[in-house]
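Worksheet for the structure shown next.
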Amino acid sequence: MHIQMELQSDVADTQQQMEQQHFHVLAVDDSPFERKLLERLLRECSCKVTCVESGDKALEYLNQLDIHQSNSADSTASSSSSQSPQQEGLKVNLIITDYSMPGMSGYDLLKTVKGSSSSWKDIPVVVISSENVPSRISMCLQEGAEEFLLKPLKLSDLKNLQPHLLKSLVHSNKDTNCSTDSTGNNDNVVKMNNNVISKRIAMSPEPSERRPKPKELAVV
């Protein structure tokens, strides 16, 4: 009962935040054309977008945000314990990364972000690719990717990612309120606007055909 009341409180706080801010998406792709396409589609979904061309640049950007937010928190700690709208606007709510890139691949970026010692492990990550390779899909999902989408992306693909954006706000609320689940279970399911938010998969009323079906995957 206590956990249920906490989840209901999280949902209420999340819905209020949705009315006050745009989601911030970090898009990672080495192709200028794909970055432009991602930016256009995400802006049509009312998202703030930051585009970078490599996994290394993505980590550099995330590190810069951490430093900026830490400095901002220190300067405002004496006056307020809550984050300002400017600080919330900097927070990355979702990372969308191409799988195949020179240097650090999308898979390597995913593993770094989701690492046990990472300060970004609660940020949802979606991997995209022009190649439907079951072994790659399986590896990414096992490492913590929320989705593996096939290019070319459509507006409907990105709209279906809303549950993952909402989940990032739920995590943010829990961190801000310093609330802890005594069971240590991070896979709680929250029902919101007829969508289900889970650790790995968000099931919408009409699943997109562009999401590879898990039962067809095989680890090579």
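Observations on the structure shown:
- Search result, residues across segment 102-112 that are closer than 17 Å to ASP66 by Cβ and open to solvent by 40 Å² or more (accessible area, probe 1.4 Å): THR112
- Here is the figure for segment 31-52: residues that are buried (at least 18 other Cβ atoms within 10 Å of the Cβ) and assigned to a loop (DSSP other than H, G, I, E, B) total 1.
- Residues located in segment 113-153, provided they are within 20 Å of ARG35 (Cβ to Cβ), among the polar types (S, T, N, Q) and open to solvent by 50 Å² or more (accessible area, probe 1.4 Å): SER130
- Among residues of segment 89-112, those that are among the aliphatic types (A, V, I, L, M), outside any loop (DSSP other than H, G, I, E, B), touching a residue at least 40 places away in the same chain (Cβ under 8 Å) and closer than 12 Å to LEU59 by Cβ, counted: 2
- Selection over segment 103-112 of residues that are among the charged types (D, E, K, R) and in contact with a helix residue (DSSP H, G or I) (Cβ under 9 Å, 6 or more places away or on another chain) gives a count of 1.
- Check on TYR99, of a type in the set (Ser, Thr, Tyr) and either farther than 26 Å from ILE67 by Cα or crowded, with 23+ Cβ neighbours inside 10 Å (or both): yes
- Complete set of residues in segment 113-155 that are in contact (Cβ under 8 Å) with a residue 60 or more places away in the chain, among the polar types (S, T, N, Q) and touching a helix residue (DSSP H, G or I) at 6+ places or on another chain (Cβ under 9 Å): SER138
- Contacts under 6 angstrom Cβ, first residue in segment 32-61 being farther than 16 Å from MET104 by Cβ, partner of a type in the set (S, T, N, Q) and open to solvent by 50 Å² or more (accessible area, probe 1.4 Å), 6 or more apart: none
The values are calculated or read from the model by the stated rules, or taken from the named source; none is laboratory data. Please read these numbers as outputs of a predicted model, since none were measured by experiment. When we count neighbours, we look across all protein chains shown, and the Cβ atoms used for this are built from the backbone with ideal geometry, even at glycine. Just so you know, the surface numbers come from the protein's heavy atoms only, side chains and all, with ligands and any DNA or RNA stripped out. Shrake-Rupley method; radii C 1.70, N 1.55, O 1.52, S 1.80 Å.
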